[in-house]
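Below: the structure, in structure tokens.
Taken together, the values in this text are just the output of simple stated rules run on the coordinates, not laboratory data. Quick caveat: nothing in here was measured; it's all calculated off a predicted structure. Every residue, glycine among them, receives a Cβ derived from its backbone with ideal geometry; neighbour counts consider all protein chains shown.
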Amino acid sequence: MSATDQFVRRATRGLWGQKKRDVQQELRGAVEDKVYRHRLCGLSPEAAEQAALRDLGHPGAIALELSRVHSLPAAVRGTLALGIAGLLSLQAAAQVGTVQAILDPRMGPACTLEELYVRLVPGATAATAQRLQATPAGRAQLQASVLGRVEPAHAAYLRRTLAAPNGEAALAEDCRQAQPPTYAANLLRLADVYAALRAAGVTVTPLADQRQVELTFPGESPRQVLDLSYQTQQVGADTYVSGAALVYALKQSLTVPLQITGLRNPTLTVGPARLQLGSPAAPVLATDLYARIMYDQLSPHLPRVPGQMGTALGVTPATLTPDPAGHRLLVQAPDGALYATLSNAAFVRSAAPSGRLYTLTLNPVQNGQLPAPLAQGQDTGFARVVSTLPELLFASQQGQRALLVYRVNGTDLRQLTFTPVPAAQVRVNTAP
């Protein structure tokens, strides 16, 4: 029995005879229409069928509503003016919960010594920085803490700037005029996440507190625990969780289907629940959510940072303001196709062990092009595109900057796949 057959059968329980056959025919038509639309977007037949069924909602909820409507007298049913298509659209709309998103306050521009201190020093707070700035000895301590945690070239620039008259003010002004990139919102309000799950019939039971909950999905194994204890932060009166951390925790903890639809303000499907992430004012980008899972899969194949537990891999968050000066990669793929780039530029050029990182960046294709990260300037960029991860690692050993491009399939977050693209299929566009 196909997935569509199972869906239609479950959705029409409680109906009999010709009514059941008529509804089943309409349901199959709705599925076929959605499959056709998803196929136009490039999904395989199997993935398009899964996406279509997911769009229609939970079959148990449809069955309950259909039974209620068809048990009413005919005259009353006629006044409802509610066909199957209307019922399905209402069902889908009711299941999509909006999740508010904000940008992590720590990702805003750090343009003063105090802001740099809070950003770079573990456990530092704005109050601590202000207290240190109140005395000459404290200012010296704060400055030394900042300079000791940045690249040598940046530290030299900071020393020269701070030594000049009104150096701190000049530093802040130069920083703010540099127009740093605008990052997409990456924190999700936890209360909205739980509300969307509950609206779809998921039982959410807090354990120690709201950061650790037990989830019970209809028809699934009970007592599935979602632990976000170390992934949340308090912003004002609300608790927020990193979107990437939430998706990763869901993947690791739950047995229900987990999928993302769309690239900007995507819909996250968790079993029967559909969560609309972000808003036009604070957009969420799906590439940030995929990156955490890809990071986990790539990490075992990359070297570790000397003297530390972590892997030498960093993720560059997506920006809403593309770099106009950056090079572009030309790829043969439709717009919206998802690609990742893995660069060794920072690994090769950094003198500090903590800075020797490979950089992972995810982007969709736009006009047949992808941004080429770190591709501008004398000390950054890549000398060549390589075809495999061993080639990239070998280039690093030789001190050569290189870039590896992956084609990413994010249809199913449980089986996220990424395939290296042969270097011969990638061209570098250096035109402004």
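The figures follow:
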item	result
Trypsin sites (Lys or Arg not before Pro) restricted to DSSP loop in the stretch 187-231 with at most 13 other C-beta within 10 Å	Arg223
Sequence ranges 159-171, 277-289, 394-406, ranked by mean other-Cβ count within 10 angstrom, highest first	277-289, 394-406, 159-171
Cα gyration tensor shape for the stretch 109-177, rounded if a/c is under 1.5, else prolate or oblate	rounded
5 angstrom amide H check on Arg427, placed H, neighbours 5+ away	Leu330
Whichever aspartates and glutamates have a C-alpha closer than 15 Å to that of Lys20, once near sequence neighbours (fewer than 8 apart) are set aside	Asp5, Glu65
Karplus 3J(HN,Hα) series, Hz, for the stretch 277-284 with 6.51 cos²θ - 1.76 cosθ + 1.60 (x for Gly, Pro)	9, x, 7, x, 6, 9, x, 9
Kirkwood Rh in Å, taken over all unlike Cα pairs in the stretch 161-243	16.1
Net charge of Cβ neighbours under 14 Å - reference Leu285; Lys, Arg +1; Asp, Glu -1	0
Note, ³J(HN,Hα) from phi for the stretch 236-244, Karplus 6.51, -1.76, 1.60, rounded to Hz, x at Gly and Pro	x, 8, 10, 9, 10, 10, 4, x, 5
Amide proton proximity set for Ala312, modelled H, under 5 Å, gap of 5+	Arg304, Val305
Amide H contacts under 5 Å for Ser242, placed H, 5+ residues apart	Leu188
